[in-house]
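Comments concern the structure below.
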Amino acid sequence: MNNESILQNEILRKYKLELSKLITYLKKDLQHLEIKTALVYGSSTYKNVFIEGVSDIDIIAYTDKLETMSPKEIINIVKKTKIDFKDKEPTIYVDHIGYRIEFYIKLPTISFDITLLPYTIPNFNKKETDASYDSLEMLIGALYENGIVLFGKRPMEDIVQKEFYPFYSESLRKKRLKVITERLEVYNKRVYLLTKNRDRDLIDHLYKTRNLFLKWLFIYKRKYPVNLSKHIDYQLKKLNLNEKETMILEFLNSKSLFEASSQYIKLSEKYIKKYKLEEKIEK
């Protein structure tokens, strides 16, 4: 176990014994999965975000077996450990993040939310084309920039350390911004029309569009986010926005959903216009 990093983290230091039990579980109880690396990510690795008695400790465990064994075989291996899965038994997910298996394990003092991932960065080979839907920036921010390794080495760590800090290349940044801008403008137009018509279906589209804009904004500002749906205030502090902009993006500067939406549209369009002007000047 990476004792130095654990001891430097106030939350993880408190649960050092439980983390030791977790490592034993991953290495011995799940030995057939041959887990190569495990790391802590999420709220316990961010300052003043973890809520005692409410938050779990999030764990990523990497194994090549996700690429060589069937999901059913893996789930059976996990279930045979007969540990307390709380309310989340091993479950398969396939989405923009990639193929993975998630489950809880509950210990007397803390629960761990575990995600099994293949030993790679999901959709890395499509990073220039799938920017609107992938999770590249969040994975780098949460797992590499803020994650705390318990054992092993993260996939492609040498490449990430060399090519992704302090941010990835300007060429990749421009390509991803271009792709996301095109998608974001479509979403913004829909949100504008729903707002204008005071449509009651606005809320889902507004949050989805705001989250895509947050992704866009972090790339524009050359910073890595960690999550587009939560810990928003914690993350926005990295972008040096003024208080009004922060409140607008948190939907805290308005008296109604429709007002919040109008403010969001004006703010996002301001930044997109600025970005396009910068691109035009460069050309």
(request) Scan the stretch 76-92 residue by residue and report those that are surrounded by fewer than 18 Cβ atoms within 10 Å (Cβ to Cβ) and either over 18 Å from Ser20 (Cα atoms) or among the basic types (Lys, Arg) (or both). (result) Asn76, Ile77, Lys79, Lys80, Lys82, Lys86, Asp87, Lys88, Glu89, Thr91, Ile92
(message) Any residue that is touching a helix residue (DSSP H, G or I) at 6+ places or on another chain (Cβ under 8 Å) and over 28 Å from Ile51 (Cβ atoms) - is there at least one of those in the stretch 108-116?
(response) no
(request) Any residue in the stretch 186-206 that's within 17 Å of Lys266 (Cα to Cα): show its pairings with residues that are part of a helix (DSSP H, G or I) and charged (D, E, K, R) at Cβ separation under 8 Å, as long as the two are six or more apart or on different chains. (result) Tyr187/Lys208; Asn188/Glu269; His205/Arg190
(request) Using the structure shown, decide if Asn146 is open to solvent by 10 Å² or more (accessible area, probe 1.4 Å), in contact (Cβ under 8 Å) with a residue 60 or more places away in the chain and of a type in the set (S, T, N, Q). (result) yes
(message) If I filter the stretch 90-101 for residues that are among the basic types (Lys, Arg) and over 15 Å from the mean Cα position of the chain (by Cα), do I get at least one hit?
(response) no
(message) Cβ contacts < 6 Å: first residue at pLDDT below 95, restricted to the stretch 113-126; second residue assigned to a strand (DSSP E or B) and small (Gly, Ala, Ser), any location; separation 6+ or different chain. Result?
(response) Pro122/Gly98
(request) Among what's in the stretch 258-283 and is assigned to a helix (DSSP H, G or I) and basic (Lys, Arg), pick the residue that is surrounded by the fewest Cβ atoms within 10 Å (Cβ to Cβ). (result) Lys280
(message) Can you pull out every residue in the stretch 124-137 that is buried (at least 18 other Cβ atoms within 10 Å of the Cβ) and within 28 Å of Ser44 (Cβ to Cβ)?
(response) Asp134, Ser135, Leu136, Glu137
(request) Within the stretch 132-143, count every residue that is more than 11 Å from the chain's Cα centre (by Cα) and touching a residue at least 60 places away in the same chain (Cβ under 8 Å). (result) 1
(message) Yes or no: the stretch 223-233 includes at least one residue that is under 20 Å from the mean Cα position of the chain (by Cα), charged (D, E, K, R) and farther than 24 Å from Phe124 by Cβ.
(response) yes
(request) Could you please let me know if Tyr165 is part of a helix (DSSP H, G or I), more than 30 Å from Lys27 (Cα to Cα), free of Cβ contacts under 8 Å to residues at least 60 places away in the same chain and within 18 Å of the chain's Cα centre (by Cα)? (result) no
(message) Show me the helices (runs of 4 or more DSSP H) entirely contained within the stretch 1-70 in which 2 or more residues are hydrophobic (A, V, I, L, M, F, W, C), over 19 Å from Lys86 (Cα atoms) and in contact (Cβ under 8 Å) with a residue 12 or more places away in the chain.
(response) 10-14
(request) Go through the stretch 18-58 and give me each residue that's open to solvent by less than 10 Å² (accessible area, probe 1.4 Å), in contact with a helix residue (DSSP H, G or I) (Cβ under 7 Å, 6 or more places away or on another chain) and under 14 Å from Leu107 (Cα atoms). (result) Leu19, Ile57
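The values are calculated or read from the model by the stated rules, or taken from the named source; none is laboratory data. Keep in mind that what you see is a predicted model, and the values were worked out from it rather than measured. Cβ sites come from the backbone with ideal geometry, for glycine too, and all protein chains shown count toward neighbours. The protein model used for the area step is the full one, side chains on, heavy atoms only, and it has no ligands, DNA or RNA in it. Shrake-Rupley method; radii C 1.70, N 1.55, O 1.52, S 1.80 Å.
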